[in-house]
Amino acid sequence: MVDRRVSMADVAERAGVSGQTVSRVVNGSPRVDPDTRARVEAAMAALGYRPHRAARALRTGRTQTLGLVVSTLASVGNSRMLQAVADAAASRGYALTVVTLGPDASVADAFERLAEQGVDGAIVLNEATERLRGADVRAAGLRLVVVDSPRDDRFGVVVTDHAAGAESAVRHLLDMGHPTVHHLAGPAGSFAAAERERGWRAALDAAGARVPDLVRGDWTSASGWGAASTLLTAGATAVFAANDQMALGLLRGIAEAGRDVPGEVSVVGFDDVADAADYRPPLTTVHQDFDALGARAVAALVDGIEAGAPAAFETVPTRLVVRASTGPSAPAR
C-alpha cells in the first residue's frame with residue numbers, strides 16, 4: 001500500500017488555518033503574519049509536506065529550478081562551486097540543472113537548452129564566463145548571475161577578491177625575506193587567473209621588488225610539476241601558485257629535484273582545498289570561500305527572480321592560511 005501524499009488541506013487542518021493561508025505560505029506571499037507563517041511551517045515540517053513542483057509551476061509561472069553553466073567539472077574549484085550552488089539552491093527550495101560546455105559549444109547554446117527546460121534563471125561559473133563576451137545574453141530571456149567576471153550591467157556578478165588574496169600571499173613571502181616571488185599562473189583567458197596575476201604584480205611593484213617572468217599552467221597538478229624545473233632554473237626561492245592543484249605538482253617537482261620546501265623554496269597556493277593541509281609539507285594558501293560564493297550567487301539570482309531585485313556586484317573576501325610550506329629566505333650559497 002502506498003502512503004497518501006500529504007496535502008495542503010492536511011496542513012491547514014493541523015495548523016488551524018485556511019487552505020488559502022497555506023497556499024500563501026508555500027508561495028512566499030508577504031500577506032501572512034509571522035506567527036501564522038511559523039505555525040503553518042511547523043505543521044508542514046511535522047507532516048512532511050512537500051509542495052508539488054509541477055502544480056506550483058502552473059500557479060506561479062515558475063519551475064523552482066535554476067540552471068548552472070560551467071565549462072568543466074574536472075577542476076577542483078568548479079566541482080566545489082557545483083556543490084556550494086546545489087546546497088544553496090536546495091536551501092531556497094530550488095532544484096538545479098547543470099549544463100557543461102564542450103570546447104566548441106557557445107554559451108548561447110547552453111542558455112537555449114536551459115530555457116527549453118523551463119529554468120527560472122541561471123548561474124554561469126568561472127571559465128565559462130569568458131564566453132559571455134559579445135554574446136546576446138538576453139536572447140533566451142533568462143535572469144543571470146555570473147561568478148567571476150568583470151562588472152557588467154547585463155547580469156549580476158559575484159566575485160572572489162582574487163587580487164587581494166594574491167597580494168596577501170606575495171607580501172607574506174616578501175616579509176619572510178625573499179627578494180622576489182615567482183608566479184605559476186593559471187590559463188590565459190581565465191578571469192580568476194588574470195586577477196591573481198594582477199595582485200601578484202601589484203604586491204611586487206608596491207615593494208619595489210623585481211617582477212620575474214611568469215610561468216603559465218592550466219590549473220592541473222601535472223602543469224605544476226612540469227613548471228618546477230623552469231622555476232628552479234630561474235632561481236626561484238619563493239613561488240606563488242595560482243591554485244592548490246598546481247602547487248601540489250610543484251611540490252612534487254621540487255622534491256624530485258632534490259630541493260627542500262620550505263628550506264630552499266617556499267610555496268603558496270590559492271583556494272585552500274580540503275586536502276591542502278595534508279600536502280607534504282602542509283600548504284600555505286589563500287582561502288577562497290566557495291560556500292559563501294555559492295550562497296551569494298544563488299541569493300542574488302533567487303532575489304531577482306522572486307522580488308525583481310536589481311543586478312548587483314558583490315565581492316567575497318579571502319584570507320591567507322599560513323602552514324609549513326613557507327619559511328624565511330635561505331642565505332645565499
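Would you tally the residues in the stretch 78-119 being farther than 28 Å from ASN243 by Cβ and touching a residue at least 60 places away in the same chain (Cβ under 8 Å)?
Selection size over the stretch 78-119: 3.
Taking the stretch 191-233 on its own, how many of its residues are under 20 Å from ASN126 (Cβ atoms), touching a Ser or Thr at 6+ places or on another chain (Cβ under 9 Å) and either assigned to a loop (DSSP other than H, G, I, E, B) or hydroxyl-bearing (Ser, Thr, Tyr) (or both)?
Residues flagged as under 20 Å from ASN126 (Cβ atoms), touching a Ser or Thr at 6+ places or on another chain (Cβ under 9 Å) and either assigned to a loop (DSSP other than H, G, I, E, B) or hydroxyl-bearing (Ser, Thr, Tyr) (or both) within the stretch 191-233 amount to 3.
Just to be sure I understand, how many residues within the stretch 207-244 are exposed (fewer than 15 other Cβ atoms within 10 Å of the Cβ) and out of contact with any helix residue (DSSP H, G or I) (no Cβ under 8 Å at 6 or more places or on another chain)?
6
So which of ARG154, ARG133, ARG201, ARG171 is surrounded by fewer than 21 Cβ atoms within 10 Å (Cβ to Cβ) and touching a residue at least 60 places away in the same chain (Cβ under 8 Å)? Show your work before the answer.
Values: ARG133 fails: touching a residue at least 60 places away in the same chain (Cβ under 8 Å); ARG201 fails: touching a residue at least 60 places away in the same chain (Cβ under 8 Å); ARG171 fails: touching a residue at least 60 places away in the same chain (Cβ under 8 Å).
ARG154 is the lone residue from the list that is surrounded by fewer than 21 Cβ atoms within 10 Å (Cβ to Cβ) and touching a residue at least 60 places away in the same chain (Cβ under 8 Å).
Inside the stretch 264-295, can you point out the residues that are surrounded by fewer than 22 Cβ atoms within 10 Å (Cβ to Cβ), farther than 21 Å from GLU197 by Cβ, in contact (Cβ under 8 Å) with a residue 12 or more places away in the chain and of a type outside the set (D, E, K, R)?
The answer is ALA277, PRO281, PRO282, ALA292, ALA295.
Condition check: surrounded by 19 or more Cβ atoms within 10 Å (Cβ to Cβ) and modelled with pLDDT of 95 or more. Does VAL302 satisfy that? Don't jump to the end; show me each part of the working.
Details: surrounded by 19 or more Cβ atoms within 10 Å (Cβ to Cβ): yes; modelled with pLDDT of 95 or more: no.
No: the conditions fail for VAL302.
Considering only residues that are of a type in the set (Gly, Ala, Ser), over 17 Å from ALA164 (Cα atoms) and free of Cβ contacts under 8 Å to residues at least 60 places away in the same chain, which ones fall in the stretch 239-263?
GLY249, GLY253, ALA255, ALA257, GLY258 - these are the residues of the stretch 239-263 that are of a type in the set (Gly, Ala, Ser), over 17 Å from ALA164 (Cα atoms) and free of Cβ contacts under 8 Å to residues at least 60 places away in the same chain.
If a residue counts only when it is in the same structural domain as VAL273 (by TED's automatic domain parsing) and within 30 Å of THR233 (Cβ to Cβ), which helices (runs of 4 or more DSSP H) contained entirely in the stretch 66-183 have at least 3 such residues?
Those helices (runs of 4 or more DSSP H) span 162-175.
Condition test on ALA236, is it part of a loop (DSSP other than H, G, I, E, B), of a type in the set (Gly, Ala, Ser) and either touching a His at 6+ places or on another chain (Cβ under 9 Å) or at pLDDT 95 or above (or both)?
Working: part of a loop (DSSP other than H, G, I, E, B): yes; of a type in the set (Gly, Ala, Ser): yes; either touching a His at 6+ places or on another chain (Cβ under 9 Å) or at pLDDT 95 or above (or both): yes.
Here the answer is yes, as ALA236 does meet what is asked.
Keeping to the stretch 266-296, report how many residues are of a type in the set (Asp, Glu) and farther than 19 Å from GLY217 by Cα.
The qualifying residues number 4.
Is it the case that GLY165 is of a type outside the set (A, V, I, L, M), under 20 Å from ASP289 (Cβ atoms) and touching a Phe, Trp or Tyr at 6+ places or on another chain (Cβ under 8 Å)?
For GLY165, the condition - of a type outside the set (A, V, I, L, M), under 20 Å from ASP289 (Cβ atoms) and touching a Phe, Trp or Tyr at 6+ places or on another chain (Cβ under 8 Å) - is met.
Among ARG252, ARG198, which is of a type in the set (Lys, Arg), at pLDDT 95 or above and under 21 Å from VAL273 (Cβ atoms)?
Only one candidate passes the filter, namely ARG252.
Can you pull out every residue in the stretch 296-333 that is touching an Asp or Glu at 6+ places or on another chain (Cβ under 7 Å), free of Cβ contacts under 8 Å to residues at least 60 places away in the same chain and in a loop (DSSP other than H, G, I, E, B)?
Result: ALA309, single match.
The values are calculated or read from the model by the stated rules, or taken from the named source; none is laboratory data. In this text, all values refer to a predicted model and were calculated from it rather than measured experimentally. Neighbour counts run over all protein chains shown; Cβ positions are idealised from the backbone, glycine included.
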